[in-house]
1. Enumerate the pairs (first residue in segment 241-269 and within 22 Å of Gly332 (Cα to Cα); second residue anywhere and open to solvent by 40 Å² or more (accessible area, probe 1.4 Å) and part of a strand (DSSP E or B)) with beta-carbon separation below 6 Å, excluding pairs fewer than 6 apart on the same chain, so at least 6 apart or on different chains.
2. List pairs: first in segment 157-176 and closer than 17 Å to Ala335 by Cβ, second aromatic (Phe, Trp, Tyr) and open to solvent by 40 Å² or more (accessible area, probe 1.4 Å), Cβ under 6 Å, 6+ apart or cross-chain?
3. Check every one of the strands (runs of 3 or more DSSP E) wholly within segment 227-318 and list those with 3 or more residues that are surrounded by 15 or more Cβ atoms within 10 Å (Cβ to Cβ).
4. Inside segment 146-165, can you point out the residues that are over 17 Å from Thr200 (Cβ atoms) and open to solvent by 70 Å² or more (accessible area, probe 1.4 Å)?
5. Would you check which residues across segment 208-226 are buried (at least 23 other Cβ atoms within 10 Å of the Cβ) and of a type in the set (Val, Ile, Thr) and list them?
6. When only residues in segment 108-127 that are in a strand (DSSP E or B) and of a type in the set (Ser, Thr, Tyr) count, which is nearest to Phe212 (Cα to Cα)?
7. What are the residues in segment 97-107 that are under 38 Å from the mean Cα position of the chain (by Cα), in a loop (DSSP other than H, G, I, E, B) and either of a type outside the set (A, V, I, L, M, F, W, C) or under 17 Å from Ile48 (Cβ atoms) (or both), if any?
8. In segment 38-90, which residues are open to solvent by 60 Å² or more (accessible area, probe 1.4 Å), assigned to a strand (DSSP E or B) and not polar (S, T, N, Q)?
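The values are calculated or read from the model by the stated rules, or taken from the named source; none is laboratory data. The structure displayed is predicted, hence computed values, not measured ones. Note that each Cβ is placed from the backbone with ideal geometry, even for glycine, and that neighbours are counted across all protein chains shown. Note: accessible area is taken over every heavy atom of the protein model, side chains too, but ligands, DNA and RNA are not part of it. Shrake-Rupley method; radii C 1.70, N 1.55, O 1.52, S 1.80 Å.
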Amino acid sequence: MNMRHGVAARIFLLCALSLACFLGSAPAIAQGWTEPIAPELWQQRLLIGPVAGLTTDWHQAPVRSAIPLGVTVQFRIQVPLNWSVRWTGASEIDRNIGWSTAEAKFSALGSHTVSYAADGPRSDDHFAETSTFDAVNTAVPATVGYDPVSVSALHLTADSVAIDPQNPNASSMDYFFRGSSIAALRQVGEGHYRTSTNRTLVLEAEVQPSGFAPLIEWRLDGKPQVKMGSPAHLEIYTPGPHTLSAGPLGNEKQIHLDAYMVHITSHQQSADDIPGGVPVTFKAETDPPGYESDITWIASTKYGSAKPWMGNGPEFTVEFDDALSAQGEWLGVRADNAKIGVDRKGEPTCQSCFDARRKSCEGGQTPETAGFCLAAAALQFQSCLAREAGFPTPQQTLSPTECPDPKPQFFVCESFSGVCLCIGDGDCERLKNSFQCQGGSFINVFGLFGLCLWNLEPKL
């Protein structure tokens with residue numbers, strides 16, 4: 001008995017972790033993917049079986065949908081055998097270690113609800129869902145409510161890809177890191193399109209009556225996809241010609257889609273450097289070949305700029321400028337579904353810290369304070385270089401992980417109209433009748449001002 005229970009538990013766990021076991025259609029999953037645009041309109045656990053004339057596989061049940069009058073449909077949920085399940089609007093016809101299956105017949109016009117409540121041995125083991133189905137006469141002409149199901153057209157679209165000129169760095173990185181390809185969707189004929197693999201497309205079906213839109217089953221090369229409904233998202237993972245169909249069985253509408261896969265051939269990820277300040281040419285090929293002119297390129301960098309940001313064709317030449325910062329360097333290019341990048345976690349150098357501090361000094365400062373800010377930046381730069389060369393310095397001037405705070409603070413000294421200028425987390429000690437700064441380095445500027453170069457340590 002214990003062995004049987006152990007085997008049953010393992011089978012249930014495998015089914016719970018396997019989408020193919022959960023919904024079937026394993027070959028279709030490997031080839032494509034569909035997802036409703038409004039997932040909140042679909043149940044999370046309740047599944048609906050094939051609906052005669054409309055669907056051929058198990059799918060997540062819609063929260064509400066029309067349904068043909070007179071059909072008998074099965075529903076099921078995945079639930080442990082030691083849980084109790086109560087069905088309303090449907091009758092349980094099978095119970096095993098992984099599933100509770102129920103059946104409902106929609107024999108009257110109007111709205112019907114199918115719901116379940118499942119409870120486990122613990123007090124918080126509970127879940128329940130309810131779906132509403134509006135029965136419509138789709139099969140018997142010249143009778144009350146006759147309204148046959150039909151799909152008059154299928155539409156395929158994709159979002160546009162363009163760098164935001166107001167925020168090109170963030171915009172380019174969004175496109176680089178998103179899961180979907182950036183390829184253009186091209187219509188090459190009536191109901192015939194072309195794009196790269198992994199491109200998220202929007203599917204829509206013109207359905208009559210419109211209430212049947214949630215029961216639109218998308219079939220890729222004849223295989224039903226896991227999720228159904230209109231509108232929906234589609235991605236295709238394998239290159240080559242594909243046929244997408246939807247609608248009542250025997251009266252489907254079709255779209256033909258040619259998918260190609262891009263490979264960047266000129267560079268290898270993490271193996272080839274992408275230098276800055278000089279033009280770099282990237283090359284790519286497609287599988288199957290012949291679609292290289294369709295390729296969309298995007299240059300991406302976290303810091304600095306790229307010229308140009310976008311391009312098309314088998315080659316793309318770009319120049320990255322000022323991509324290296326004190327925080328490091330991140331840059332790369334994307335070609336439709338393919339991408340390559342360089343990520344260097346920068347340990348700050350004397351030069352990178354000075355550059356960052358200099359830029360801070362130039363923004364939002366008066367000429368007087370900017371002068372002191374730049375003087376402090378230069379002094380700390382020299383101190384940093386001295387420390388790196390092995391000369392003794394009063395205190396550390398460069399953290400091993402980040403630059404000192406580039407925003408100095410100014411305090412008026414009490415003698416000779418002196419100014420104490422403090423860098424980092426320190427605070428200048430204002431001493432009466434003295435230019436001395438406690439714990440820091442004192443420098444006389446132009447014989448008029450005292451400048452305290454306070455390094456990272458706070459005043460004790």
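1. So the pair list comes out as Met261/Asp287; His263/Glu285; Thr265/Lys283; Thr265/Glu285; Ser266/Lys283.
2. Ile163/Trp309
3. Answer list for segment 227-318: 232-236, 240-246, 253-264, 279-287, 296-301.
4. Tyr146, Pro165
5. Residue satisfying the conditions is Ile216 alone.
6. Ser111
7. Gly98
8. Listed by number, the residues that qualify are Arg45, Arg64, Arg86.
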